[in-house]
Structure formats: structure tokens, C-alpha cells
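Trainee: Following this message is one structure expressed as C-alpha cells.
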């Protein structure tokens, strides 16, 4: 049976916006350098580009957070429940998306979350260096804007500060996200793999774990890098299979 993931198509527009925001960011960096070293006319045009870029970045980010990303994540949450509990909540189907073959149950639902937790924490770790580098560039351009523009270009300072704040916040939230997922995975591993919790309280612990995982995803709103996922998928899948064998 080939792998099927209907839910992934819902992330398409969110991914488009993420790429658009990346283009905007580097356009802002280039415009910032041009604004410093260009003549008066070129610098004025570059500054105008930076202001427009900051506004477009805000609009794109708000549209993604408020609609496209939320819609995709909502269906993904439902799909985890469908797969884990053997029910049907939407028209979207997945096959071989989750790599555990136990019968539908609370444990299967929680184990799906643990698998997602494992992939997410590892891919988030791969993203931190690139995000930090991006934040450094954002700070440099902000310093340049504050240092070289005139009082009449205060709008640039406001726009550049807003854009840089978005980029810096993304990096900070990514680091917190990684730390939270590392800690939560250890908790889930103890419940489901090490089997340290047994008896009547186990189902409650499994549900509490799964709810916390979804809460972390919803709170930090980290978009895992698609390229990193594709590069790491085979290796992480093999490692996950070894974890399940324990």
C-alpha cells in the first residue's frame, strides 16, 4: 500500500505564504544594504521597498496564522483522532502516515502523537541554526536603518522594527518549541514505551500527553521546514521503528 496523506494538501497555501515571506525577508536585507550605499534617489527607493516589504510580511503572516495554517492543523488534529480511534470525522484520509500497527484505542491515538512529537522535535532542532542566522541579519538591518536614516524616514524605523520583531520572535519561539517537545517526548516515552504508568490512570495519562502535545503545537505555531522533513524522513522513520521495538 502506498503512502497517502490527503491532509497535506491543506498546507499548500500556508507553504506558499512561508516561501513568499522568505523572499520578502531577503528582499528587505538587500534593500537595506542598497539604502546605505546608494545615492539619494536609489536610497529613497530602497527605503520605500523596505516599508512595503514590512507591510506585506505582516499581511502574509496574519493571513497564514489566522486562516490557512489553522485550517490545516485543525484537520490534522481530527485525522490523528480518526486514525487512533478508528472513526471518521472528515473526508480527508491518510494511509501509512503513522507508523504503528496496533488496534484503534487511546494508546494508538497517543502513540501517533508520540511519533509526531519525535519527528517534530528533531526537525525543529535542525531549523534552529538557520533561524538564528536569519535573526542576526534582521538585527543588522534594523541597526543600519536606525543608524543611517533621517528623521523624515521614521516610518522605515517603525516598519523595520516590526519586521525584525517578527523574525526574532520566530527564533525565540522555535527554541522554546524544541525544549518543550524534548521534555514532552521524554514524558510520553515513559508512559508508552517504558510502561512506567499502568492501571486505571494510564488512559488519563495518555490523553493528558496527547492534549499537551497539541497545545504546544497550537501555542508556538512552528512551521516545520518541508525540505528538512523530506531529508530526514527516512532516517527518522527507521529510528522510530527501532524505538517501537523496545
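Every number here is computed from the coordinates shown, using simple stated rules; none is lab data. The model shown is predicted, which means the values in this text are computed figures rather than measured ones. Here the Cβ positions follow ideal geometry from the backbone for every residue, glycine too, while neighbour counts run over all protein chains shown.
Trainee: In percent, what relative contact order does segment 108-246 have, based on Cα pairs under 8 Å that are 6 or more apart in sequence?
Mentor: Computed value for segment 108-246: 39 percent relative contact order.
Trainee: Compute the distance from the alpha-carbon center of segment 153-178 to that of segment 1-50, in whole Å.
Mentor: 14 Å
Trainee: Does anyone have the angle between helix 106-148 and the longest principal axis of the chain? Alpha-carbon axes, 0 to 90°, nearest 10?
Mentor: Around 10 degrees separate the two axes.
Trainee: Now for a different question. Starting from the Cα-Cα distance between residue 244 and residue 15, subtract it from 0.36 nm times their residue separation and give me the gain in nm to one decimal.
Mentor: The span from residue 244 to residue 15 would gain 79.3 nm if fully extended.
Trainee: Take every Cα pair under 8 Å in the chain that's 6+ residues apart, average their separations, divide by the length, and report that relative contact order as a whole percent.
Mentor: 22 percent.
Trainee: Determine, for each peptide in 34-42, 181-189, the mean count of other beta carbons within 10 angstrom over its residues, then list the peptides with the highest first.
Mentor: Going from most to least packed, we get 181-189, 34-42.
Trainee: For n ≥ 4 DSSP H runs only, could you compute -39500 (n - 2.57) per run for the chain, divide by its residues and tell me the 222 nm figure to the nearest 500?
Mentor: The per-residue figure over the chain is -27500 deg cm²/dmol.
Trainee: If you fit an axis through the alpha-carbon atoms of helix 226-244 and take the longest principal axis of the Cα set of the chain, what angle between them do you get, 0 to 90°, nearest 10?
Mentor: The angle comes out at about 20 degrees.
Trainee: Can I ask one more? Counting other beta carbons within 10 Å of each Cβ, put 246, 219 in order, fewest first.
Mentor: 246, 219
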